[in-house]
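Engineer: This is the structure, below, for whatever I ask next.
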Amino acid sequence: MEGWRGAWYVPCLASLETLQELCRKENLTCKSIGITNRSLKSYEVEYLCDYKVEEGKAYYLVKWKGWPESSNTWEPRKHLNCPLLIQNFLRDKNEYMSRGREGKAMKVRNHVKTLKPAIADYIVKKAKQRIALQRWKEELNRKKNHKAMILVENTVDLEGPPLDFYYINEYKPAPGINVLNGITTGCECADCPAEKCCPKEAGFILAYNKRKKLKIQPGLPIYECNSYCRCGPDCLNRIVQKGTPYSLCIFRTNNGRGWGVKTLQKIKTNSFVMEYVGEVITSEEAERRGQLYDNQGNTYLFDLDYDSDEFTVDAARYGNVSHFVNHSCDPNLQVFNVFIDNLDLRLPRIALFSTRTIKPGEELTFDYQMKGSIDLTSDSAEGLSPSKKRIRTVCKCGAVCCRGYLN
(Lines give C-alpha, C1' and ligand atoms only; values in the text may rest on other atoms or scores of the structure.)
Protein backbone atom coordinates (compact mmCIF):
# COMPACT_ATOMS: atom_id res chain seq x y z
CA MET A 1 0.00 0.00 0.00
CA GLU A 2 1.66 3.20 -1.23
CA GLY A 3 2.57 5.67 1.48
CA TRP A 4 2.03 3.22 4.35
CA ARG A 5 4.66 3.53 7.07
CA GLY A 6 3.87 0.59 9.33
CA ALA A 7 6.50 -1.39 11.14
CA TRP A 8 5.77 -4.74 9.46
CA TYR A 9 5.86 -5.82 5.82
CA VAL A 10 4.15 -8.93 4.47
CA PRO A 11 5.59 -10.25 1.19
CA CYS A 12 3.13 -11.15 -1.55
CA LEU A 13 2.95 -14.90 -2.08
CA ALA A 14 1.50 -14.68 -5.61
CA SER A 15 3.92 -15.07 -8.52
CA LEU A 16 4.61 -12.22 -10.92
CA GLU A 17 2.80 -14.07 -13.69
CA THR A 18 -0.29 -14.55 -11.50
CA LEU A 19 -0.40 -10.85 -10.66
CA GLN A 20 0.08 -9.88 -14.31
CA GLU A 21 -2.74 -12.17 -15.39
CA LEU A 22 -5.03 -10.78 -12.68
CA CYS A 23 -4.31 -7.20 -13.70
CA ARG A 24 -4.97 -7.97 -17.33
CA LYS A 25 -8.22 -9.77 -16.51
CA GLU A 26 -9.46 -6.87 -14.37
CA ASN A 27 -8.05 -4.23 -16.75
CA LEU A 28 -5.83 -2.79 -14.00
CA THR A 29 -2.41 -1.16 -14.31
CA CYS A 30 0.57 -1.66 -12.00
CA LYS A 31 3.90 -0.18 -13.09
CA SER A 32 5.92 -2.16 -10.50
CA ILE A 33 5.00 -5.48 -12.15
CA GLY A 34 5.15 -4.22 -15.74
CA ILE A 35 1.44 -3.63 -16.40
CA THR A 36 0.88 -0.22 -18.01
CA ASN A 37 -1.84 1.15 -20.26
CA ARG A 38 0.48 0.48 -23.16
CA SER A 39 1.17 -3.14 -22.24
CA LEU A 40 -2.55 -3.79 -21.70
CA LYS A 41 -3.19 -3.03 -25.34
CA SER A 42 0.04 -4.07 -27.04
CA TYR A 43 2.72 -6.74 -27.15
CA GLU A 44 6.28 -5.90 -26.06
CA VAL A 45 9.08 -8.44 -25.73
CA GLU A 46 10.14 -8.83 -22.10
CA TYR A 47 12.73 -11.55 -22.67
CA LEU A 48 13.48 -14.53 -24.92
CA CYS A 49 13.04 -18.03 -23.51
CA ASP A 50 14.12 -20.51 -26.17
CA TYR A 51 15.36 -20.91 -29.74
CA LYS A 52 14.81 -23.31 -32.60
CA VAL A 53 15.51 -23.64 -36.31
CA GLU A 54 12.65 -25.09 -38.35
CA GLU A 55 12.82 -25.50 -42.13
CA GLY A 56 15.83 -23.22 -42.20
CA LYS A 57 14.11 -20.37 -40.30
CA ALA A 58 15.13 -19.17 -36.81
CA TYR A 59 12.42 -18.80 -34.17
CA TYR A 60 12.53 -17.43 -30.63
CA LEU A 61 10.11 -18.25 -27.83
CA VAL A 62 8.96 -14.85 -26.58
CA LYS A 63 7.81 -13.85 -23.09
CA TRP A 64 5.56 -10.82 -23.64
CA LYS A 65 5.81 -7.99 -21.14
CA GLY A 66 2.76 -7.87 -18.88
CA TRP A 67 1.50 -11.25 -20.11
CA PRO A 68 1.77 -14.54 -18.20
CA GLU A 69 4.12 -17.28 -19.44
CA SER A 70 1.12 -19.23 -20.69
CA SER A 71 0.89 -16.58 -23.43
CA ASN A 72 4.45 -17.15 -24.70
CA THR A 73 4.65 -17.57 -28.50
CA TRP A 74 7.23 -18.66 -31.06
CA GLU A 75 8.13 -15.77 -33.34
CA PRO A 76 10.42 -15.66 -36.39
CA ARG A 77 13.55 -13.60 -36.02
CA LYS A 78 12.41 -11.07 -38.61
CA HIS A 79 9.38 -10.16 -36.45
CA LEU A 80 11.52 -9.17 -33.47
CA ASN A 81 12.93 -5.68 -33.05
CA CYS A 82 14.84 -6.23 -29.81
CA PRO A 83 18.58 -6.48 -30.60
CA LEU A 84 19.63 -6.03 -26.95
CA LEU A 85 17.40 -8.89 -25.76
CA ILE A 86 18.72 -11.13 -28.53
CA GLN A 87 22.26 -10.17 -27.51
CA ASN A 88 21.49 -11.06 -23.87
CA PHE A 89 19.98 -14.38 -25.00
CA LEU A 90 23.05 -15.35 -27.03
CA ARG A 91 25.44 -14.23 -24.31
CA ASP A 92 23.62 -16.28 -21.66
CA LYS A 93 23.59 -19.31 -23.94
CA ASN A 94 27.30 -19.04 -24.67
CA GLU A 95 28.07 -18.42 -21.00
CA TYR A 96 26.26 -21.60 -19.98
CA MET A 97 28.04 -23.64 -22.64
CA SER A 98 31.46 -22.17 -21.86
CA ARG A 99 31.20 -23.50 -18.33
CA GLY A 100 31.27 -27.01 -19.75
CA ARG A 101 27.72 -27.84 -18.72
CA GLU A 102 26.69 -28.89 -22.22
CA GLY A 103 28.61 -30.16 -25.19
CA LYS A 104 26.45 -29.29 -28.17
CA ALA A 105 23.84 -26.56 -27.94
CA MET A 106 21.40 -27.98 -30.48
CA LYS A 107 19.73 -31.30 -30.96
CA VAL A 108 17.58 -32.44 -33.87
CA ARG A 109 14.03 -33.78 -33.52
CA ASN A 110 12.00 -34.38 -36.65
CA HIS A 111 14.30 -32.04 -38.61
CA VAL A 112 13.83 -29.27 -35.99
CA LYS A 113 16.95 -28.02 -34.25
CA THR A 114 16.28 -26.98 -30.65
CA LEU A 115 18.21 -25.99 -27.55
CA LYS A 116 18.63 -28.56 -24.83
CA PRO A 117 16.10 -27.96 -22.01
CA ALA A 118 18.84 -27.25 -19.45
CA ILE A 119 20.20 -24.41 -21.60
CA ALA A 120 16.77 -22.86 -22.16
CA ASP A 121 16.01 -23.13 -18.45
CA TYR A 122 19.25 -21.30 -17.58
CA ILE A 123 18.53 -18.55 -20.12
CA VAL A 124 15.07 -17.95 -18.62
CA LYS A 125 16.48 -17.82 -15.09
CA LYS A 126 19.13 -15.31 -16.18
CA ALA A 127 16.50 -13.17 -17.91
CA LYS A 128 14.29 -13.15 -14.80
CA GLN A 129 17.29 -12.35 -12.62
CA ARG A 130 18.28 -9.46 -14.90
CA ILE A 131 14.79 -7.98 -14.64
CA ALA A 132 14.64 -8.47 -10.86
CA LEU A 133 18.03 -6.82 -10.33
CA GLN A 134 17.06 -3.91 -12.57
CA ARG A 135 13.88 -3.35 -10.56
CA TRP A 136 15.86 -3.57 -7.34
CA LYS A 137 18.35 -1.00 -8.64
CA GLU A 138 15.49 1.35 -9.51
CA GLU A 139 13.96 0.86 -6.07
CA LEU A 140 17.26 1.60 -4.30
CA ASN A 141 17.75 4.78 -6.30
CA ARG A 142 14.18 5.93 -5.59
CA LYS A 143 14.68 5.51 -1.87
CA LYS A 144 18.19 6.93 -1.42
CA ASN A 145 18.50 10.56 -0.30
CA HIS A 146 21.85 11.38 -1.95
CA LYS A 147 22.74 12.32 -5.53
CA ALA A 148 25.21 9.52 -6.27
CA MET A 149 23.90 6.45 -8.08
CA ILE A 150 23.60 2.87 -6.79
CA LEU A 151 24.19 0.09 -9.32
CA VAL A 152 23.59 -3.65 -8.97
CA GLU A 153 25.58 -6.39 -10.70
CA ASN A 154 25.68 -10.19 -10.65
CA THR A 155 27.83 -11.99 -13.21
CA VAL A 156 28.59 -14.88 -10.87
CA ASP A 157 25.44 -16.87 -10.16
CA LEU A 158 21.63 -16.78 -10.31
CA GLU A 159 21.11 -15.03 -6.97
CA GLY A 160 18.54 -12.23 -7.11
CA PRO A 161 17.76 -9.35 -4.75
CA PRO A 162 17.50 -10.16 -1.03
CA LEU A 163 13.88 -10.93 -0.18
CA ASP A 164 13.72 -9.41 3.29
CA PHE A 165 15.75 -6.21 3.06
CA TYR A 166 14.36 -2.67 3.14
CA TYR A 167 16.46 0.35 2.21
CA ILE A 168 16.56 3.22 4.71
CA ASN A 169 18.66 6.38 4.84
CA GLU A 170 18.89 6.91 8.60
CA TYR A 171 18.48 5.06 11.87
CA LYS A 172 15.15 3.34 12.46
CA PRO A 173 14.71 3.51 16.26
CA ALA A 174 12.83 0.82 18.15
CA PRO A 175 9.91 2.05 20.31
CA GLY A 176 11.13 4.11 23.26
CA ILE A 177 14.49 5.03 21.70
CA ASN A 178 15.01 8.65 20.64
CA VAL A 179 17.82 9.12 18.13
CA LEU A 180 17.16 12.89 17.84
CA ASN A 181 17.86 14.22 21.29
CA GLY A 182 20.02 16.85 22.97
CA ILE A 183 20.24 19.61 20.33
CA THR A 184 18.62 22.91 21.36
CA THR A 185 20.99 25.38 19.74
CA GLY A 186 23.66 25.64 17.08
CA CYS A 187 26.75 27.67 16.31
CA GLU A 188 26.53 31.33 15.29
CA CYS A 189 29.51 31.12 12.94
CA ALA A 190 29.37 33.11 9.72
CA ASP A 191 32.29 31.07 8.45
CA CYS A 192 32.96 27.77 10.26
CA PRO A 193 35.12 26.91 12.07
CA ALA A 194 35.22 29.67 14.65
CA GLU A 195 35.99 29.73 18.34
CA LYS A 196 32.39 28.90 19.20
CA CYS A 197 31.83 26.27 16.49
CA CYS A 198 30.19 22.95 17.34
CA PRO A 199 33.32 20.76 17.76
CA LYS A 200 35.01 23.28 20.07
CA GLU A 201 31.87 23.65 22.13
CA ALA A 202 31.98 19.86 22.64
CA GLY A 203 35.65 20.00 23.64
CA PHE A 204 37.13 18.62 20.41
CA ILE A 205 38.82 19.95 17.29
CA LEU A 206 37.17 20.27 13.88
CA ALA A 207 37.34 16.88 12.16
CA TYR A 208 37.88 18.18 8.61
CA ASN A 209 40.50 20.26 6.82
CA LYS A 210 39.79 22.93 4.21
CA ARG A 211 39.50 20.26 1.50
CA LYS A 212 36.76 18.59 3.57
CA LYS A 213 38.97 15.57 4.27
CA LEU A 214 39.25 13.93 7.67
CA LYS A 215 42.19 15.11 9.78
CA ILE A 216 41.57 13.44 13.15
CA GLN A 217 42.80 10.06 14.36
CA PRO A 218 40.53 6.99 14.73
CA GLY A 219 38.79 6.90 18.09
CA LEU A 220 38.10 10.64 18.21
CA PRO A 221 34.49 11.77 17.65
CA ILE A 222 33.21 13.98 14.86
CA TYR A 223 30.90 16.86 15.80
CA GLU A 224 29.22 18.35 12.73
CA CYS A 225 27.12 21.50 12.53
CA ASN A 226 23.44 20.81 13.04
CA SER A 227 20.00 22.04 11.98
CA TYR A 228 20.13 24.95 14.48
CA CYS A 229 23.44 26.32 13.18
CA ARG A 230 23.57 29.57 11.20
CA CYS A 231 25.99 28.19 8.60
CA GLY A 232 24.65 27.05 5.24
CA PRO A 233 24.80 23.71 3.38
CA ASP A 234 28.26 24.49 1.98
CA CYS A 235 29.80 24.65 5.46
CA LEU A 236 32.96 22.52 5.56
CA ASN A 237 31.68 20.98 8.80
CA ARG A 238 28.70 19.35 7.04
CA ILE A 239 29.99 16.16 5.43
CA VAL A 240 28.38 12.98 6.78
CA GLN A 241 24.91 14.54 6.86
CA LYS A 242 24.98 15.06 3.08
CA GLY A 243 25.09 11.33 2.39
CA THR A 244 27.25 9.17 0.15
CA PRO A 245 29.01 11.35 -2.47
CA TYR A 246 30.22 8.44 -4.63
CA SER A 247 28.40 6.17 -7.08
CA LEU A 248 28.63 2.62 -5.74
CA CYS A 249 27.85 -0.84 -7.07
CA ILE A 250 26.41 -3.74 -5.08
CA PHE A 251 27.94 -6.78 -6.75
CA ARG A 252 28.06 -10.53 -6.31
CA THR A 253 31.51 -11.73 -5.22
CA ASN A 254 33.09 -14.70 -6.98
CA ASN A 255 34.70 -16.33 -3.93
CA GLY A 256 31.72 -17.23 -1.74
CA ARG A 257 31.45 -13.96 0.20
CA GLY A 258 27.92 -13.19 -1.04
CA TRP A 259 27.25 -9.60 -2.04
CA GLY A 260 29.89 -6.89 -1.79
CA VAL A 261 30.22 -3.19 -2.61
CA LYS A 262 32.68 -1.53 -4.99
CA THR A 263 33.19 2.10 -5.86
CA LEU A 264 32.67 3.36 -9.40
CA GLN A 265 34.71 6.50 -8.73
CA LYS A 266 38.14 7.28 -7.33
CA ILE A 267 38.00 7.95 -3.58
CA LYS A 268 40.82 9.96 -2.04
CA THR A 269 42.34 9.21 1.35
CA ASN A 270 40.37 10.35 4.43
CA SER A 271 37.15 10.90 2.48
CA PHE A 272 33.67 10.16 3.81
CA VAL A 273 32.20 7.19 1.94
CA MET A 274 28.97 6.08 3.66
CA GLU A 275 27.06 5.73 6.92
CA TYR A 276 26.17 2.45 8.59
CA VAL A 277 22.45 2.53 9.40
CA GLY A 278 19.82 0.07 10.58
CA GLU A 279 17.37 -0.49 13.42
CA VAL A 280 18.50 0.94 16.75
CA ILE A 281 17.68 -1.57 19.48
CA THR A 282 18.66 -2.18 23.08
CA SER A 283 21.57 -4.46 23.90
CA GLU A 284 19.13 -6.88 25.52
CA GLU A 285 17.17 -7.14 22.29
CA ALA A 286 20.43 -7.48 20.38
CA GLU A 287 21.36 -10.44 22.55
CA ARG A 288 18.03 -12.11 21.78
CA ARG A 289 18.30 -11.46 18.05
CA GLY A 290 21.93 -12.52 18.03
CA GLN A 291 20.99 -16.00 19.22
CA LEU A 292 18.42 -16.28 16.43
CA TYR A 293 20.90 -15.00 13.86
CA ASP A 294 23.51 -17.50 15.04
CA ASN A 295 21.11 -20.32 14.23
CA GLN A 296 20.56 -18.85 10.76
CA GLY A 297 24.27 -18.32 10.23
CA ASN A 298 24.24 -14.54 9.89
CA THR A 299 23.84 -11.25 11.73
CA TYR A 300 24.41 -7.54 11.23
CA LEU A 301 24.64 -6.35 14.83
CA PHE A 302 26.84 -3.29 15.36
CA ASP A 303 27.40 -2.24 18.99
CA LEU A 304 27.22 1.52 19.64
CA ASP A 305 29.98 1.35 22.23
CA TYR A 306 31.50 4.84 22.00
CA ASP A 307 30.39 5.72 25.53
CA SER A 308 28.48 2.64 26.70
CA ASP A 309 27.04 -0.59 25.35
CA GLU A 310 23.38 0.26 25.88
CA PHE A 311 22.33 0.27 22.21
CA THR A 312 23.05 -1.71 19.05
CA VAL A 313 22.37 -1.14 15.35
CA ASP A 314 20.81 -4.11 13.55
CA ALA A 315 21.04 -3.83 9.76
CA ALA A 316 19.69 -7.31 8.99
CA ARG A 317 16.33 -6.15 7.57
CA TYR A 318 16.70 -2.37 7.39
CA GLY A 319 19.83 -0.67 6.10
CA ASN A 320 21.57 1.09 3.24
CA VAL A 321 24.47 0.14 0.94
CA SER A 322 26.71 -0.50 3.95
CA HIS A 323 24.59 -3.62 4.66
CA PHE A 324 26.54 -5.30 1.82
CA VAL A 325 30.09 -4.17 2.67
CA ASN A 326 32.36 -7.13 3.39
CA HIS A 327 35.09 -7.62 5.99
CA SER A 328 38.83 -7.41 5.34
CA CYS A 329 41.81 -7.77 7.66
CA ASP A 330 43.43 -5.04 5.53
CA PRO A 331 40.43 -2.71 5.03
CA ASN A 332 40.19 0.51 3.05
CA LEU A 333 37.46 1.97 5.31
CA GLN A 334 37.58 3.02 8.97
CA VAL A 335 34.74 3.54 11.46
CA PHE A 336 34.16 6.93 13.14
CA ASN A 337 31.50 8.06 15.61
CA VAL A 338 29.56 11.14 14.50
CA PHE A 339 27.27 13.52 16.39
CA ILE A 340 25.03 15.95 14.50
CA ASP A 341 21.43 16.44 15.66
CA ASN A 342 21.89 14.19 18.67
CA LEU A 343 24.45 14.76 21.41
CA ASP A 344 23.56 11.58 23.32
CA LEU A 345 26.92 9.80 23.62
CA ARG A 346 25.11 6.46 23.71
CA LEU A 347 23.74 7.00 20.18
CA PRO A 348 26.45 8.13 17.76
CA ARG A 349 25.97 7.88 14.02
CA ILE A 350 28.48 5.51 12.41
CA ALA A 351 30.46 6.83 9.44
CA LEU A 352 32.93 4.99 7.22
CA PHE A 353 35.93 6.97 5.89
CA SER A 354 38.60 5.86 3.42
CA THR A 355 41.98 4.92 4.90
CA ARG A 356 43.79 5.18 1.56
CA THR A 357 43.16 6.07 -2.06
CA ILE A 358 40.59 3.67 -3.51
CA LYS A 359 40.55 3.09 -7.27
CA PRO A 360 37.38 2.83 -9.40
CA GLY A 361 36.17 -0.79 -9.39
CA GLU A 362 37.88 -1.63 -6.08
CA GLU A 363 35.83 -3.37 -3.40
CA LEU A 364 35.06 -1.42 -0.23
CA THR A 365 35.80 -3.21 3.05
CA PHE A 366 36.27 -2.58 6.73
CA ASP A 367 37.51 -4.64 9.66
CA TYR A 368 34.58 -6.11 11.57
CA GLN A 369 36.76 -6.34 14.69
CA MET A 370 37.82 -2.71 14.82
CA LYS A 371 36.50 -0.67 17.75
CA GLY A 372 32.84 0.13 17.35
CA SER A 373 32.18 -2.74 14.98
CA ILE A 374 32.35 -5.79 17.23
CA ASP A 375 29.54 -8.25 16.52
CA LEU A 376 29.03 -7.04 12.96
CA THR A 377 28.96 -9.50 10.09
CA SER A 378 28.46 -9.44 6.35
CA ASP A 379 25.79 -10.59 3.97
CA SER A 380 27.80 -13.65 3.07
CA ALA A 381 28.05 -17.02 4.75
CA GLU A 382 31.79 -16.61 5.35
CA GLY A 383 31.45 -13.26 7.03
CA LEU A 384 29.26 -14.29 9.88
CA SER A 385 31.09 -13.85 13.12
CA PRO A 386 29.38 -12.29 16.12
CA SER A 387 31.86 -11.71 18.92
CA LYS A 388 30.17 -14.16 21.28
CA LYS A 389 29.97 -17.01 18.80
CA ARG A 390 31.89 -20.11 19.87
CA ILE A 391 32.58 -21.53 16.42
CA ARG A 392 35.48 -19.80 14.70
CA THR A 393 34.69 -18.62 11.19
CA VAL A 394 37.35 -18.79 8.50
CA CYS A 395 38.13 -15.44 6.87
CA LYS A 396 38.21 -15.27 3.06
CA CYS A 397 39.33 -11.66 2.67
CA GLY A 398 42.53 -12.70 0.88
CA ALA A 399 44.70 -10.02 2.50
CA VAL A 400 48.41 -10.72 3.02
CA CYS A 401 47.93 -9.91 6.70
CA CYS A 402 44.75 -12.00 7.03
CA ARG A 403 44.23 -13.21 10.60
CA GLY A 404 42.68 -16.44 9.32
CA TYR A 405 39.46 -16.05 11.30
CA LEU A 406 36.84 -13.37 11.68
CA ASN A 407 36.44 -13.93 15.41
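Engineer: Shape call for region 147-366 from the C-alpha gyration tensor, a ≥ b ≥ c root eigenvalues: rounded (a/c under 1.5), prolate (a/b greater than b/c) or oblate?
Structural biologist: Oblate, since a/c reaches 1.5 and b/c is not below a/b.
Engineer: Return the distance in nm (one decimal) between the two label points of a simple spin-label model at L16 and C30, each offset 7 Å from Cα along Cα→Cβ.
Structural biologist: 1.3 nm
Engineer: For a quick check, take a GNM of the chain with Cα springs below 10 Å and name the residue from S283, S15, S227 with the largest mean-square fluctuation.
Structural biologist: Fluctuation is largest for S15.
Engineer: Could you identify which residue out of H111, H323, H146 has the top mean-square fluctuation in a GNM of the chain using Cα springs shorter than 10 Å?
Structural biologist: The residue with the greatest mean-square fluctuation here is H111.
Engineer: Test of understanding: what is the full-extension gain from D294 to E362, defined as 0.36 nm times their sequence separation minus their Cα-Cα distance?
Structural biologist: 21.5 nm
Engineer: Please turn the phi angles of region 30-38 into ³J(HN,Hα) values with the Karplus equation 6.51 cos²θ - 1.76 cosθ + 1.60 (θ = phi - 60°), one per residue in order, whole Hz, x for glycine and proline.
Structural biologist: Couplings: 8, 4, 5, 10, x, 9, 10, 4, 5 Hz.
Engineer: Quick one: what are the phi-derived ³J(HN,Hα) couplings along region 73-89, Karplus 6.51/-1.76/1.60 with θ = phi - 60°, whole Hz, x for glycine and proline?
Structural biologist: Result, rounded to whole Hz: 9, 7, 10, x, 4, 5, 7, 9, 10, 9, x, 5, 5, 5, 4, 4, 4.
Engineer: A further question follows. For K78, project a label point 7 Å along Cα to C-beta. Then give me every residue of region 52-70 with its amide nitrogen under 11 Å of that point.
Structural biologist: Inside the label zone: 57-58.
Engineer: In terms of modelled amide H atoms, which long-range or inter-chain residues lie less than 5 Å from the amide H of W74?
Structural biologist: V62
Engineer: Now a separate question. Note down the nm distance, to one decimal, between modelled labels 7 Å out along Cα→Cβ at N37 and at L220.
Structural biologist: Taking the simple label geometry, N37 and L220 are separated by 6.0 nm.
Engineer: If you don't mind, another one. Let me cross-check K57: its accessible surface, 1.4 Å probe, with only protein heavy atoms counted, in Å² to the nearest 10?
Structural biologist: 110 Å²
Engineer: Now for a separate question. Output ³J(HN,Hα) for region 248-253: one whole-Hz value per residue in order, computed from phi by the Karplus curve 6.51 cos²θ - 1.76 cosθ + 1.60 with θ = phi - 60°, and x for Gly and Pro.
Structural biologist: So the J values, rounded to whole Hz, are 10, 10, 7, 10, 8, 6.
Engineer: Report the label-to-label distance for T184 and N169 in nanometres (one decimal), using points 7 Å from each Cα along the Cα→Cβ vector.
Structural biologist: Taking the simple label geometry, T184 and N169 are separated by 2.9 nm.
Engineer: Could you name the aspartates and glutamates in cross-link range of K65, using Cα to Cα under 12 Å and dropping any fewer than eight places away on the same chain?
Structural biologist: Reachable aspartates and glutamates: E17, E21, E44, E46.
Engineer: What's the center-to-center distance, using Cα atoms, between region 302-321 and region 18-37 in Å?
Structural biologist: Centre-to-centre distance over Cα atoms comes out at 40 Å.
Engineer: Moving on. Please list, in chain and number order, the residues 5+ apart from E362 or on another chain whose amide H is under 5 Å from its amide H, with Hs placed from the backbone.
Structural biologist: Those lying under 5 Å, H to H, from E362 are T263.
Engineer: Taking the solvent-accessible surface of protein heavy atoms with a 1.4 Å probe, what is the per residue accessible area of the chain in Å²?
Structural biologist: That works out to 53 Å² for each residue.
Engineer: Sticking with this one: Within 10 Å, at most 10 other Cβ atoms, and a DSSP state outside H, G, I, E, B define an exposed site. Report the longest part of the chain free of exposed GluC sites (Glu not before Pro). Provide the component values of the computation, followed by the final result.
Structural biologist: Working: sites that count: E2, E55, E195.
It runs 196-407.
Engineer: Set the Förster radius R0 to 35 Å, insert the Cβ-Cβ distance between S70 and S227 as r into 1/(1 + (r/R0)^6), and round the FRET efficiency to 0.05.
Structural biologist: Calculated value: 0.05.
Engineer: With r as the distance between the Cβ atoms of V394 and K266 and R0 = 41 Å, compute the FRET efficiency 1/(1 + (r/R0)^6) and round to 0.05.
Structural biologist: FRET efficiency, K266 to V394: 0.80.
Engineer: Run the accessible area of the chain with a 1.4 Å probe and give the carbon-and-sulfur part as a rounded percent.
Structural biologist: 51 percent
Engineer: Working out 0.36 nm times the residue gap between L90 and K125, then minus their Cα-Cα distance, what length gain in nm do you get to one decimal?
Structural biologist: The L90-K125 span can extend by a further 11.2 nm.
Engineer: Turning to a different aspect of this structure: Give the long-range amide H neighbours of E46: residues separated by 5 or more places, or on another chain, with amide H under 5 Å away, using H modelled in the peptide plane at 1.01 Å from N.
Structural biologist: Here the answer is K63, W64, K65, since their amide H atoms fall under 5 Å of that of E46.
The values are calculated or read from the model by the stated rules, or taken from the named source; none is laboratory data. All of these numbers come straight from a predicted model, not from anything done at the bench. Note: ideal-geometry Cβ built from the backbone for every residue, glycine included; neighbour counts use all protein chains shown. Heavy atoms of the whole protein, side chains included, go into the accessibility calculation; ligands, DNA and RNA do not. Shrake-Rupley method; radii C 1.70, N 1.55, O 1.52, S 1.80 Å.
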